[in-house]
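Following: one structure in structure tokens, then a few remarks.
The values are calculated or read from the model by the stated rules, or taken from the named source; none is laboratory data. The structure presented is a predicted model; accordingly, all values stated were derived computationally and were not measured. In this analysis, Cβ positions are derived from the backbone assuming ideal geometry, glycine residues included, and neighbour counts consider all displayed protein chains. Surface areas here come from the heavy atoms of the whole protein model, side chains and all, with no ligands, DNA or RNA. Shrake-Rupley method; radii C 1.70, N 1.55, O 1.52, S 1.80 Å.
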Amino acid sequence: MRTTVPSAVPGFPEVHWMQRSRYPAAEPGWQPVHTVYVPADRFGSGTVTAWGDEALALAKAHLSTPAELAEVFGVPEPVSAAAHERVLRKLATEPVEDLRVDFEDGYGVRPGEEDGHVEAAVEALAAMRAAGTLPRRWGLRVKSFADGDPERSVRTLDGFVTGLVERLGELPEGFVVTFPKVLMEPYLGQFAAFLEQLEGALGLSGLRFEIQVEAPQTVRFLRAELAEELGGRLAAAHFGVFDYTAAIGLPPHEQRLDHPACDHARHVMQTAFAGTGVELSDGSLAASPASGSATDVRALWRRHAGLVRHSLAHGFHQGWDMHPSHLVSRFATVYAFHLARYDTYRERVRAWEERRAAEGGVMDEPATVRTLVAALRRADAALP
């Protein structure tokens, strides 16, 4: 028998709508495996091509066979053959998936030059668009409001976007702007408001930005509601390893991506934005090969690959690359990560669908199956 308690739950529709709005739980689509930052004064229309050429030359010189890839990166040989072929093809066809023209730390303070470099970047990007070399995702990093000069930041953004729209008649797909050193939460609303004004002035829509998590102050106000409060403009959160580790007082030799303090910050980012659709990216390695010798190049690759593996193991599928050599170790590590587990994951999903135990007697829970399916989709999107 039923009780006399009404079956309807008061207020449920409103709360359920809020849940669906705040946590859309969209299936993972394509996300770049890296972001390449190039200082604005060193950026030109041939930058992406030059990075690809240098990375490919390094790979052909010091990673010429699948066996060498297996030895350098500690990859099983059945996987190394598939990864090796993909790395060479990727470097020859799409060496950079995500590009930022940097007007912040990598560029410095140049009050008499920045406007000129904005104009030069606009011309270079327009030429890349015409040549078909503009990456799938691209944009700029502006200066921080925390530096006390927001006018310089928005002037650069305005000149950059307005110049491209005037030059091309539109803003090409894939544009995003990086907003660094967000030490105070109100800066987010102020920056989003400027993007809205810029849209109105140029007849645009959908301008989005990514924040950099570079200080403990930022970690304190990360939460799922930010995505809603900023009107859907928050595209991603990128971790900044060197500013963050310096801000919490780590000694220079401990300022590294795999430090436990960095793990804590990244896990806060994950819990804050889980299910919201806000992408996450790890930081960078500030090092290049000590020389062009095989010993030094491979040492750099091993060091970088270890950090990329650490990021992948912690659920961060994107990071920053700061030198052409990083492209080789980035793609080799990412491809090996996906290839090594792809068939096993697919078998476990098939076993679940057929209501049987997978190989080894594995009986997956529904949440694990959802994760397996997401991992397969991410692999399909990442592997060329």
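Looking at the chain, the accessible area is 46 square angstrom per residue; that uses a 1.4 Å probe and ignores ligands, DNA and RNA. Taking 0.36 nm per residue of separation and subtracting the Cα-Cα distance, full extension of the segment from Arg370 to Ala131 would add 82.0 nm. Full extension of the chain between Ala61 and Tyr23 yields a length gain of 9.0 nm, computed as 0.36 nm times the residue separation minus the alpha carbon distance.
Charges only on Cβ, +1 for Lys and Arg, -1 for Asp and Glu: so what's the dipole of the chain about the Cα centre, in debye to the nearest 20?
1080
Across region 81-92, rounded Karplus estimates of 3J(HN,Hα) from the backbone phi angles (6.51 cos²θ - 1.76 cosθ + 1.60, θ = phi - 60°) give 5, 5, 5, 4, 4, 5, 4, 4, 5, 5, 5, 7 Hz, Gly and Pro being marked x. Annotation: amide H-H contacts under 5 Å for Leu280 (H modelled 1.01 Å from N, sequence separation of 5 or more, or interchain): Ala237. A Stokes-Einstein calculation at 37 °C with viscosity 0.692 mPa s, built on the Kirkwood radius of region 175-300 over Cα pairs, returns a diffusion coefficient of 205 µm²/s. Among Trp352, Trp320, Trp51, the largest mean-square fluctuation in a Gaussian network model of the chain (Cα springs under 10 Å) belongs to Trp352.
Here is how the number arises for the chain: DSSP H runs of 4 or more residues each give -39500 (n - 2.57), the sum is divided by the residue count, and the result at 222 nm is -17500 deg cm²/dmol.
Where a Cα-Cα gap under 25 Å defines reach, which lysines qualify for Lys181, not counting those fewer than 8 residues away within the same chain? Candidates past the 8-residue exclusion: Lys143. Subtracting the Cα-Cα distance of Asp149 and Glu229 from their residue separation scaled by 0.36 nm leaves 26.4 nm. Only protein atoms count toward the accessible area here, which uses a 1.4 Å probe; on region 31-106, the carbon and sulfur part of that area reaches 55 percent. What the Cα convex hull of the chain gives, in volume per residue, is 181 Å³. Comparing Ala131, Ala246, Ala340 in a Gaussian network model of the chain (Cα springs below 10 Å), the most mobile by mean-square fluctuation is Ala131. Taking Pro66, Pro13, Pro324 in turn, the Gaussian network model of the chain (Cα-Cα springs below 10 Å) assigns the largest fluctuation to Pro13.
Across region 1-156, the mean sequence separation of Cα contacts (distance under 8 Å, 6 or more residues apart), normalised by length, yields a relative contact order of 29 percent.
Taking 13 Å as the straight-line reach from the Cα of Lys60, the aspartates and glutamates in range (excluding those fewer than 8 positions away in the same chain) are Glu68, Glu85. Both numbers refer to the Cα atoms of region 148-228; Rg and Dmax are 13.6, 41 Å.
Each semi-axis of the equivalent ellipsoid for region 82-141 is √(5λ) with λ an eigenvalue of the Cα gyration tensor; in descending order they amount to 29, 14, 7 Å. Here the Karplus relation 6.51 cos²θ - 1.76 cosθ + 1.60, evaluated at θ = phi - 60°, turns the backbone of region 52-63 into coupling constants of x, 5, 5, 5, 5, 5, 5, 5, 5, 7, 10, 8 Hz, with x for every Gly and Pro.
The calculated FRET efficiency for the pair Arg303 and Thr93, based on their C-beta separation and a Förster distance of 30 Å, comes to about 0.70.
This model, with +1 at the C-beta of Lys and Arg and -1 at the C-beta of Asp and Glu, gives region 195-332 a dipole about its Cα centre of some 520 debye. Using Stokes-Einstein with the Kirkwood hydrodynamic radius over Cα pairs, what translational diffusion coefficient do you get for region 26-150 at 10 °C and a viscosity of 1.306 mPa s, in µm²/s rounded to a whole number? Using the Kirkwood radius from Cα pairs, D works out to 96 µm²/s. Site pair Thr344 and Arg110 shows an inter-label distance of 4.8 nm when each label is modelled 7 Å from Cα along Cα→Cβ. Think of region 1-128 as a dipole: +1 on every Lys or Arg Cβ, -1 on every Asp or Glu Cβ, centred on the Cα centre; then among Pro24, His117, Pro95, Pro24 lies furthest on the positive end.
Amide H to amide H, with H built 1.01 Å from N, Thr35 comes under 5 Å of Gly319, Trp320, Asp321, counting only residues 5 or more places away or on other chains. Treating r as the C-beta distance of Asp258 and Glu166 and R0 as 35 Å, the FRET efficiency rounds to 0.20. Here the spin labels are modelled as points 7 Å beyond Cα on the Cα-Cβ line, and at Glu71 and Glu123 they lie 4.8 nm apart.
Residues whose amide H comes within less than 5 Å of that of Gln212, counting only those at least five positions distant or on another chain, are Phe179, Lys181, Val182, His238 (H built at 1.01 Å from N in the peptide plane).
For the chain, the longest piece that avoids every one of the trypsin sites (Lys or Arg not before Pro) found in DSSP loops with at most 10 other C-beta atoms within 10 Å covers 3-354.
Note on region 150-247: dipole from Cβ charges, positive end direction compared against Pro150, Leu207, Ala224; the farthest Cα belongs to Pro150.
3J(HN,Hα) along region 103-110, derived from phi through the Karplus expression 6.51 cos²θ - 1.76 cosθ + 1.60 where θ = phi - 60°, amounts to 10, 10, 4, x, 9, x, 9, 9 Hz, with x in place of Gly and Pro.
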